[in-house]
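The values are calculated or read from the model by the stated rules, or taken from the named source; none is laboratory data. Predicted model, so just to flag it, every value in this text is computed and none were measured. Heads up, the Cβs are rebuilt from the backbone with ideal geometry, glycines too, and the neighbour counts pull from every protein chain shown.
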Amino acid sequence: MTQTIIDNPEFRGMLKIVIEEKIPFCNLLGVKLDSFDPDSPSLGIEMREQLLGNFAQGMLHGGVIASVLDSVAGFAILLKMAQQSPQDDVLSQIREFGKMSTIDLRIDYLQPGRGKYFIAGAEVTRLGKRVANVLMDLRNEKGDRIATGAAAFMLHGRA
């Protein structure tokens, strides 16, 4: 079995550092990479007081939900790009992350964001030359679906 760039520990380590530490807002939210599976990528966040929107009810802020779903969508696209058209080296593959931007984001809030830990997953439904489309999902540690989302990303400089 041949190793893909996604299986490369250097790629995974660099991507983890970029998302968890180098992107200031993801770092502020406490985003942690969970699954590197390009068909089922996920990341998670722990509930903290700073992330509450309704402090009396203990509910996750809607802006945090939207941000986490936007982040998992970008992560999913990067993994799908690495799977379908891998770059020659790890650094070039990581740089692809900086060449994309959200052009449309829709969030459906299905129930209050209550929980101790939240898992965001995504599925890339289309990866074109210029635009990628993604469906996202946020659940709490019990598996309750908190929100769903759909996004479109511009892929700048994709061949």
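A few points about this structure:
- Residue count, the stretch 125-136 (criterion: assigned to a strand (DSSP E or B) and free of Cβ contacts under 8 Å to residues at least 60 places away in the same chain): 7
- Residue ID - surrounded by the most Cβ atoms within 10 Å (Cβ to Cβ), chosen from residues in the stretch 121-147 that are farther than 14 Å from Ile77 by Cβ and under 13 Å from the mean Cα position of the chain (by Cα): Leu138
- Qualifying residue in the stretch 98-119 (condition: in contact with a helix residue (DSSP H, G or I) (Cβ under 7 Å, 6 or more places away or on another chain), surrounded by 16 or more Cβ atoms within 10 Å (Cβ to Cβ), at pLDDT below 95 and not in a loop (DSSP other than H, G, I, E, B)): yes
- The set of residues in the stretch 41-61 being modelled with pLDDT of 95 or more and either more than 15 Å from Tyr117 (Cα to Cα) or touching a Ser or Thr at 6+ places or on another chain (Cβ under 8 Å) (or both) consists of Pro41, Ser42, Leu43.
- Residues of the stretch 1-52 that are of a type in the set (Asp, Glu), under 23 Å from Pro86 (Cα atoms) and out of contact with any Asp or Glu (no Cβ under 8 Å at 6 or more places or on another chain): Asp7, Glu10, Glu20, Asp34, Asp37.
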